[in-house]
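Colleague: Provided herewith is a single structure, encoded as structure tokens, for subsequent inquiry.
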Amino acid sequence: MTPEKIRKAVENYHDLLIKQEKLQKRLIRLSGRDPEQEIAVLQRLQTIEQMIEFIDYAIYEEDILTIRESAAVDYRRDGFTYEKIGEIFSVTRESIRKTLESAYKKMAEVTKNQNIA
């Protein structure tokens, strides 16, 4: 997975949660009526759940990101702007952008090593 793809997933984290819920409901509604569609929905659901779990894992696992990177990704996941995160850390927007860029690169490296889609 590329750092850009990870950035988009972090920035759209809440959308991923909404998609996850919708797919879960759709899977329940299908319940055996259309096995092919059920498989397709299940595959999409697994991909989304894997991304959600990976983002959470990267934020809370001590040996992937620095404390600052982890906090910045966590704030970004929650919808904070670069400016707002910068205010929290008393640094510039550009500094936060670089911190997040570094975090996304580290997260991408982990996905390569662990074969995460």
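Colleague: So which pairs qualify, if the first residue must be in region 81-95 and over 13 Å from ARG68 (Cα atoms) and in contact (Cβ under 8 Å) with a residue 60 or more places away in the chain, the second must be among the aromatic types (Phe, Trp, Tyr) and part of a helix (DSSP H, G or I), the Cβ gap must be under 9 Å, and the two must be at least 6 apart or on different chains?
Modeller: none
Colleague: Considering each of GLU69, GLU38, GLU4, GLU11 in turn, give the residue that is closer than 14 Å to GLU101 by Cα, touching a Leu at 6+ places or on another chain (Cβ under 8 Å) and not small (Gly, Ala, Ser). Please lay out each step first, then the result.
Modeller: Values: GLU38 fails: closer than 14 Å to GLU101 by Cα; GLU4 fails: touching a Leu at 6+ places or on another chain (Cβ under 8 Å); GLU11 fails: touching a Leu at 6+ places or on another chain (Cβ under 8 Å).
Just one listed residue meets the conditions, GLU69.
Colleague: So, one more: Quick one: which helices (runs of 4 or more DSSP H) sit completely within region 1-95 and have at least 1 residues that are under 20 Å from LYS105 (Cβ atoms), more than 14 Å from the chain's Cα centre (by Cα) and at pLDDT 95 or above?
Modeller: Working: elements: 3-11, 13-30, 35-60, 67-77, 82-89.
Where helices (runs of 4 or more DSSP H) fall fully within region 1-95 and carry at least 1 residues being under 20 Å from LYS105 (Cβ atoms), more than 14 Å from the chain's Cα centre (by Cα) and at pLDDT 95 or above, they are 67-77, 82-89.
Colleague: Name the residue that is farthest from GLY79 (Cα to Cα), counting only residues in region 96-115 that are crowded, with 16+ Cβ neighbours inside 10 Å and touching a residue at least 60 places away in the same chain (Cβ under 8 Å).
Modeller: Restricting attention to region 96-115, the residues satisfying the condition of being crowded, with 16+ Cβ neighbours inside 10 Å are 96, 99-100, 102-104, 106-108, 110-111.
Going one step further and asking which of them are touching a residue at least 60 places away in the same chain (Cβ under 8 Å), we end up with 100, 104, 107-108, 111.
Numbers: LEU100: 13, TYR104: 16, MET107: 19, ALA108: 21, THR111: 23 Å.
Across region 96-115, the extreme among qualifying residues is THR111.
Colleague: Here's a check for you: in region 96-117, which residue that is among the small types (Gly, Ala, Ser) and part of a helix (DSSP H, G or I) is farthest from ILE6 (Cα to Cα)?
Modeller: First, pick out the residues of region 96-117 that are among the small types (Gly, Ala, Ser): 102-103, 108, 117.
Checking which are part of a helix (DSSP H, G or I) leaves us with 102-103, 108.
Working: SER102: 12, ALA103: 10, ALA108: 7 Å.
Step by step, filter region 96-117, then rank; the result is SER102.
Colleague: Just to be sure before I move on: is ALA40 of a type in the set (A, V, I, L, M) and within 22 Å of GLU21 (Cα to Cα) in the structure I sent? It would help to see each step written out before you state the result.
Modeller: Values: of a type in the set (A, V, I, L, M): yes; within 22 Å of GLU21 (Cα to Cα): yes.
For ALA40, the condition - of a type in the set (A, V, I, L, M) and within 22 Å of GLU21 (Cα to Cα) - is met.
Colleague: Would you mention how many residues in region 1-22 are surrounded by 16 or more Cβ atoms within 10 Å (Cβ to Cβ) and touching a residue at least 60 places away in the same chain (Cβ under 8 Å)?
Modeller: Adding up the residues that qualify gives 6.
Colleague: Then there is this: Looking for whichever is out of contact with any helix residue (DSSP H, G or I) (no Cβ under 6 Å at 6 or more places or on another chain) and surrounded by 12 or more Cβ atoms within 10 Å (Cβ to Cβ) here; the options are LYS84, LYS25. Which one fits? Spell out how you get there, then give the answer.
Modeller: Values: LYS25 fails: surrounded by 12 or more Cβ atoms within 10 Å (Cβ to Cβ).
Unique residue meeting the criteria: LYS84.
The values are calculated or read from the model by the stated rules, or taken from the named source; none is laboratory data. Worth saying up front: this structure is predicted, and the values here are computed from it rather than measured. FYI the Cβ positions are ideal-geometry reconstructions off the backbone, even for glycines, and counts take in every protein chain you see.
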